[in-house]
Amino acid sequence: MDGPGHSVAGITKLFDEKNIHAAFEIGLVLKGMFALAEIAAGIFAYFTTTQFLLDLARAITRTELTEDHRDFVANHLLHAAQGLSLSSQHFTAFYLLIHGVIKLSLIIGLLRERLGYYLAAMAIFSLFVLYQVYRYSFTYSLSLLLITVLDVFVIGLTWLEYQHLRRQLASQIE
């Protein structure tokens, strides 16, 4: 029979350092995959033409708009492709590329347990979160919201890992 002691023990075990470290590494791997995707998307966005992107959006939305000419997602995708200028395309490419490279370099430093990367990562990831919240206020994008939640989760885990690593280094010095 589960009593109050069993619940507390289960919660304590859930939040032990081993599980936090595993969650931290999983979060970093997910962020690393997003970073690689951003780098690839940035390169793709830079080297493709606006006409190609418009043709691609038309091909993707054609069937959906034939079935329902008021389809929200298809209309927004097509409208975004039609309004894409070369300068906004280059900004998007640059932003994705820089964002991905910065995140990937921080993640590599964190996976190597380089103490200096922890504070830098938390600060930079927090800036990304602030920007994403700002963008969300315009787009209401579910994917942006989910990425932001992941980022906040990783920031919290990074703080816990940073504290653990500092305690570990302090105990080695003593």
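Structural remarks
- Meets criteria (surrounded by 16 or more Cβ atoms within 10 Å (Cβ to Cβ), farther than 27 Å from VAL154 by Cα and at pLDDT 85 or above) for ALA74: no
- Any hit, segment 31-49, residues being of a type in the set (A, V, I, L, M), over 21 Å from TYR140 (Cβ atoms), surrounded by fewer than 14 Cβ atoms within 10 Å (Cβ to Cβ) and at pLDDT below 90: no
- Test for THR148: is it assigned to a helix (DSSP H, G or I), among the hydroxyl-bearing types (Ser, Thr, Tyr) and within 26 Å of ASN19 (Cβ to Cβ): yes
The values are calculated or read from the model by the stated rules, or taken from the named source; none is laboratory data. What you see is a predicted model, and the numbers here were worked out from it, not measured in a lab. Here the Cβ is made from the backbone with ideal geometry for all residues, glycine too, and neighbour counts use every protein chain on show.
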